[in-house]
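A quick write-up on the structure given underneath.
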């Protein structure tokens with residue numbers, strides 16, 4: 001009997017999906033912390049008892065009365081003391097194991113997670129806008145070395161607008177009801193009004209027009225950070241709203257490479273009193289090295305980008321990248 005209940009340990013190799021099943025899986029916090037999705041199947045007690053009788057009495061030949069006695073004395077009290085309380089830790093509670101609707105929703109969630117970039121699975125504060133053929137086409141144009149200055153600016157502005165709109169979607173909001181011209185009531189939301197932008201000079205200034213188009217009258221501060229030989233990045237200039245500590249901040253820089261300039265800028269914002277969770281960092285493209293640098297040091301910040309590139313080359317330029325963004329955008333690359 002012991003050998004039937006306790007099977008040998010099985011080594012599990014890395015996989016995209018690992019399903020861990022058991023009645024006490026959610027009991028141990030060390031195990032819970034490893035799970036991306038926690039599911040509790042809440043089956044009816046009569047169904048559980050019926051399955052137990054079928055398994056032990058019919059399949060294993062045990063006496064039905066003994067099965068019932070053991071269930072009442074040990075199994076049911078133990079379930080109520082140790083298993084049922086773990087229900088509160090579940091992300092999803094499925095009423096009944098044969099719930100096709102719930103199972104379909106879980107499958108859809110898993111598919112969406114598998115479609116994410118690997119960096120999004122490591123850092124929950126990264127948000128990559130959903131890629132469409134339109135977005136892929138715009139990336140193709142702005143990355144093409146042969147694209148004219150006019151087209152580069154036009155399609156960069158379109159992409160920047162999408163990134164800004166996506167970033168604004170991460171602001172806090174409150175529910176609000178309004179009356180429409182038809183006399184009907186519409187239930188909507190009102191976003192946070194205490195907002196400002198901060199551009200990292202010079203390339204970050206290319207994102208200001210899109211931000212102004214989305215947020216009428218928004219205040220925009222500026223930060224200039226330059227390399228200074230062996231001393232790393234140095235703050236050269238900063239002009240920020242005097243009440244920036246009380247605002248949510250959209251930090252603007254179209255290309256995240258090493259993350260050194262961004263780290264310096266974010267550290268300055270924190271020094272000025274801005275809460276880390278109130279910073280939304282907007283990019284067009286980001287390299288994994290820069291993402292690691294930012295998200296490791298500032299886990300409460302939100303990073304929004306349109307694509308994550310492959311790597312950096314020996315000159316710390318994003319690959320495949322789009323070249324020197326500010327030179328191409330402001331036509332100073334000649």
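Side notes on the structure shown:
- Extension gain, residue 276-residue 30: 0.36 nm per intervening residue step, less the Cα-Cα distance, totals 85.8 nm.
- Over the chain, relative contact order from alpha-carbon pairs under 8 Å, at least 6 apart, %: 14 percent
- Subtracting the Cα-Cα distance of residue 324 and residue 296 from their residue separation scaled by 0.36 nm leaves 7.5 nm.
- Cβ crowding within 10 Å, taken as a proxy for footprinting-reagent exposure, orders 215, 72 from fewest neighbours to most as 72, 215.
- In this simple spin-label approximation, residue 185 and residue 260 carry label points 7 Å from Cα along the Cα→Cβ vector, and these lie 5.8 nm apart.
- Listed values (1) 233; (2) 140; (3) 149 include one computed from this model; for volume of the Cα convex hull per residue in Å³ that value carries the label (1).
- Packing-based exposure ordering (other Cβ within 10 Å, fewest first) of 189, 31: 189, 31
- Label zone (residue 21, point 7 Å along Cα-to-C-beta; backbone nitrogen cut-off 18 Å) within region 89-106: 92-106.
- If you plug the beta carbon distance of residue 91 and residue 47 into 1/(1 + (r/R0)^6) with R0 = 25 Å, you get a FRET efficiency near 0.60.
- One chain, two ends: residue 55 and residue 149. Fully extended at 0.36 nm per residue, the span grows by 26.5 nm beyond their Cα-Cα distance.
Every read-out reported here was derived from the displayed coordinates using simple, explicitly stated rules and does not represent laboratory data. This is a predicted model, so every value here is computed, not measured. We place every Cβ from the backbone using ideal geometry, glycine too, and count neighbours over all the protein chains shown.
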